[in-house]
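Notes follow once the structure below has been shown.
The values are calculated or read from the model by the stated rules, or taken from the named source; none is laboratory data. All values derive from a computational prediction rather than experimental measurement. Note that we place each Cβ from the backbone using ideal geometry, even for glycine, and neighbour counts take in every protein chain shown.
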Amino acid sequence: MNAMSSLEPKLRIKAATKVYQTGSGDLLALDRCSLDIHAGEIVTVVGPSGSGKTTLLWAMSGLHGLTSGEVVLDGKVIKGPNPQIGMVFQEANLLPWRNVDANIRFPFEIKGEKPDEAWIESLMHRVGLDGFGKKMPRELSGGMQQRVALVRALSFKPSVLLMDEPFGALDAFTREEMNHLVEEIYLDTRTTIVLITHSIEEAIFLGDRIVVMSARPGRIAHLHDVPFPRPRAMDIMSTREVFDLTNTIKREIVGDQQSKARIAQRPAAAATPAN
Ligand code: ADP
Ligand code: MG
């Protein structure tokens with residue numbers, strides 16, 4: 001690695017803008033979002049529903065394009081799905097008629113590639129799925145299914161893991177377990193992670209940096225550093241620092257929603273954005 005490449009961010013989001021064409025007209029979902037994400041960083045993203053978080057993540061994964069702006073991975077503009085990028089969604093999206101082993105190998109079958117069996121075995125062990133390979137998805141709890149989705153996403157040895165509210169459907173206890181698991185995997189692999197969450201606590205526990213998105217049109221409204229060393233223990237969540245940061249982020253999200261709602265209540269002419 002030369003000096004230039006070590007300075008280059010892992011992912012560079014440049015003025016990312018997305019307009020969806022809908023039946024009732026154009027909808028500006030994402031408005032000139034710019035952010036550099038460095039290799040080996042965990043960036044968590046919070047913001048009100050509809051603030052373009054998923055839209056941004058899909059652009060980062062190459063699952064859809066932007067109206068303007070671009071996302072650059074290791075110096076190359078992302079133009080489509082990329083094996084360097086693993087994705088985990090809120091739903092595990094397992095094929096119900098295939099067992100765990102066959103679900104994990106499914107993307108390899110599609111691509112006609114041979115999986116690294118030793119790596120998959122080590123991942124299964126890492127996430128606590130030893131002996132679960134022959135189980136069908138319906139036999140697994142939600143948390144176990146998300147562990148399978150994690151293994152599937154990591155099976156290609158991606159250098160970036162993108163997660164869209166991956167634990168939003170899980171109970172609080174399982175969610176905490178999964179947060180520890182993500183950090184353990186991160187400490188093992190130093191994969192760059194971007195994780196969207198509804199939970200400010202989760203954003204703080206996992207993030208090196210937290211992005212706060214504004215209500216639609218989605219913009220990057222605030223950035224916070226989370227300076228706790230790793231591995232983190234849940235104890236940090238009861239510190240004054242975390243209490244203050246949680247309240248700051250809550251105020252940022254609620255304040256932004258309230259001010260946008262006030263604008264929306266004004267007469268129609270005033271509600272039209274200037275740009
Ligand atoms: P978030 O993940 O923050 O909840 P999304 O990125 O899903 O936000 O959506 C941002 C805005 O774009 C929302 O108003 C949503 O309704 C709209 N939107 C998302 N996907 C589409 C689509 N495929 N077509 C039209 N509008 C969409
Ligand atoms: Mg979303």
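Against the definition (modelled with pLDDT of 95 or more and within 16 Å of ligand 2 (Cβ to nearest atom)), how does GLU165 come out, yes or no? Spelling it out, GLU165 is indeed modelled with pLDDT of 95 or more and within 16 Å of ligand 2 (Cβ to nearest atom). Among the listed residues ARG190, ARG219, which satisfies the condition of being within 16 Å of ligand 2 (Cβ to nearest atom) and of a type in the set (D, E, K, R)? So the residue among ARG190, ARG219 that is within 16 Å of ligand 2 (Cβ to nearest atom) and of a type in the set (D, E, K, R) is ARG219. So in the stretch 205-229, with the set limited to residues that are surrounded by 12 or more Cβ atoms within 10 Å (Cβ to Cβ) and away from ligand 1 (no atom under 16 Å from the Cβ), which one is farthest from GLY52 (Cα to Cα)? Restricting to residues being surrounded by 12 or more Cβ atoms within 10 Å (Cβ to Cβ) and away from ligand 1 (no atom under 16 Å from the Cβ), the top hit is PHE228.
Residues in the stretch 56-83 that are touching a Leu at 6+ places or on another chain (Cβ under 8 Å) and without any contact (Cβ under 8 Å) to a residue 40 or more places away in the chain were compared, and the one that is surrounded by the fewest Cβ atoms within 10 Å (Cβ to Cβ) is PRO81.
The condition of being under 14 Å from the mean Cα position of the chain (by Cα), within 15 Å of ligand 1 (Cβ to nearest atom) and crowded, with 18+ Cβ neighbours inside 10 Å holds for only one of THR44, THR17, that being THR44. Could you list all residues from the stretch 237-246 that are surrounded by 11 or more Cβ atoms within 10 Å (Cβ to Cβ) and over 22 Å from the mean Cα position of the chain (by Cα)? If the condition is that a residue be surrounded by 11 or more Cβ atoms within 10 Å (Cβ to Cβ) and over 22 Å from the mean Cα position of the chain (by Cα), then THR239, GLU241, PHE243 are the ones that fit. Among the residues of the stretch 12-21, is there at least one that is in contact (Cβ under 8 Å) with a residue 24 or more places away in the chain, under 26 Å from GLY168 (Cα atoms) and not in a strand (DSSP E or B)? The answer is no; no qualifying residue exists.
Within the option set ARG138, ARG147, ARG152, being over 22 Å from the mean Cα position of the chain (by Cα) and at pLDDT 95 or above holds for one residue only, ARG138.
When every residue of the stretch 108-120 is checked against the conditions, none turns out to be under 20 Å from the mean Cα position of the chain (by Cα), within 30 Å of THR55 (Cβ to Cβ) and surrounded by fewer than 14 Cβ atoms within 10 Å (Cβ to Cβ).
Residue-by-condition table, conditions (1) within 14 Å of ligand 2 (Cβ to nearest atom); (2) aliphatic (A, V, I, L, M):
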{"residue": "ASP36", "(1), (2)": "no, no"}
{"residue": "LEU57", "(1), (2)": "yes, yes"}
{"residue": "MET60", "(1), (2)": "yes, yes"}
{"residue": "PRO81", "(1), (2)": "no, no"}
{"residue": "PRO96", "(1), (2)": "no, no"}
{"residue": "VAL100", "(1), (2)": "no, yes"}
{"residue": "PHE108", "(1), (2)": "no, no"}
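Residue-level check: of (1) crowded, with 17+ Cβ neighbours inside 10 Å; (2) in a loop (DSSP other than H, G, I, E, B); (3) more than 16 Å from ligand 1 (Cβ to nearest atom), GLY86 misses just (2).
The residues on offer are ASP36, ASP26, and the sole one that is surrounded by fewer than 16 Cβ atoms within 10 Å (Cβ to Cβ) and within 19 Å of ALA221 (Cβ to Cβ) is ASP36.
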